[in-house]
1. Calculate what fraction, in whole %, of the accessible area of the stretch 94-243 sits on carbon and sulfur atoms when a 1.4 Å probe is rolled over the protein chains.
2. For the residue pair Val49 and Ser175, what label-to-label distance in nm results when each label sits 7 Å from Cα along the Cα-to-beta-carbon direction?
3. Take Glu215, Glu149, Glu173 and sort them by solvent-accessible surface of the protein heavy atoms, 1.4 Å probe, largest at the top.
4. In Å, what Kirkwood hydrodynamic radius results for the stretch 181-247 from the alpha-carbon pair distances?
5. Tell me the label-point distance for the pair Val192, Leu154, using the 7 Å Cα-to-Cβ offset, in nm and rounded to one decimal.
6. Protein chains only, probe 1.4 Å: how do Trp197, Trp187 rank by accessible area, largest first?
7. If I take every Cα pair under 8 Å that is 6 or more residues apart in the stretch 105-207, average their sequence separation and divide by the length, what percent do I get for the relative contact order?
8. Given a 1.4 angstrom probe, what's the average accessible area per residue across the stretch 74-233, in square angstrom?
Amino acid sequence: LVSKEARRRASPMAPLSPLAGLARRSRCCRILLRSLPLALITTFVLTLVICKAVYDNDTDAWPDQGLQPISNYLMGQWPGQTANLAISRTGFALVVAQALVLGVFRLALLLQVPHIKSTRIYSMLVLLSALSGAGALGTLLGVAIVTIEDNSSLHDGFACATYVMLPLAQVLELSVFVLFVPVHHEWRRRAVVCAVWAAVAVTATIALMSAYVAEWRAGTLSDDKAALQWSGAILGISYYLIDPLAYVSILVNAADLSELPVRATADREATPSPDSAAVPLWRLACRHRGR
């Protein structure tokens with residue numbers, strides 16, 4: 001029989017194992033991973049706010065136009081004005097870089113989580129979430145590189161793709177977290193908070209962006225509807241507040257289970273008892289419903 005360690009080394013994801021080990025051993029690394037989402041969200045919001053301020057300053061002589069769609073603020077109002085282009089491209093590049101670091105570490109930790117059944121389903125969901133997230137980051141960068149002035153159709157395509165792939169990645173990751181990741185009893189309350197916040201953020205993002213796209217496709221988009229896009233964009237990034245809420249610590253705790261000795265098959269197949277040290281959130285929900 002092939003040992004668990006040998007199977008892990010043979011996995012195509014084996015190069016990520018040292019990153020998971022770093023996150024598990026280094027307190028500084030865990031602090032960084034909890035802080036990155038705050039830096040990511042701050043960078044994204046500041047980029048949009050600064051671009052809007054520069055745009056409004058360029059159009060002081062114009063009547064107040066109210067809040068405009070985000071795409072309008074990513075380019076200069078007049079030919080030759082490159083401040084907004086530089087700000088948006090730099091800001092979005094920083095967002096993508098921070099998100100990549102966060103995403104790679106989260107992927108490494110998720111692939112270290114031990115799971116008893118449905119290993120292929122688990123791995124497939126984790127990898128699909130990672131691929132969808134990587135695609136969203138690529139199209140987000142495309143939104144900044146190709147402005148509506150350069151090619152409006154391509155720009156809109158990048159924007160739509162971002163807000164299809166980003167919620168998809170988040171839904172898949174949330175599903176993995178709720179259905180598979182074992183949570184110790186001391187982390188359960190914070191795990192529930194993480195899951196609830198993630199579900200609210202991704203649901204609100206989908207609802208807001210769907211409403212905005214529906215208005216856009218119907219040709220009834222007005223200035224007051226731009227708030228839908230702004231709210232959806234910020235909420236979509238705010239999903240990652242689950243990391244400061246304890247998500248990374250829960251993943252580290254769950255990944256530590258991979259170092260525990262494997263029990264006999266009969267024990268592994270048994271249903272966890274109510275006092276089990278670590279069970280997925282969905283099992284907890286079933287138990288509470290059954291009481």
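The values are calculated or read from the model by the stated rules, or taken from the named source; none is laboratory data. Keep in mind that what you see is a predicted model, and the values were worked out from it rather than measured. No Cβ is skipped: glycine too gets one built from the backbone with ideal geometry, and neighbour counts run over all protein chains shown. Just so you know, the surface numbers come from the protein's heavy atoms only, side chains and all, with ligands and any DNA or RNA stripped out. Shrake-Rupley method; radii C 1.70, N 1.55, O 1.52, S 1.80 Å.
1. For the stretch 94-243, the apolar C and S fraction of the accessible surface comes to 70 percent.
2. 3.6 nm
3. Glu149, Glu215, Glu173
4. 13.3 Å
5. The two pseudo-label positions are separated by 5.0 nm.
6. Correct descending sequence by accessible area is Trp197, Trp187.
7. Relative contact order of the stretch 105-207: 29 percent.
8. With the other protein chains kept in place, the stretch 74-233 gives 47 Å² per residue.
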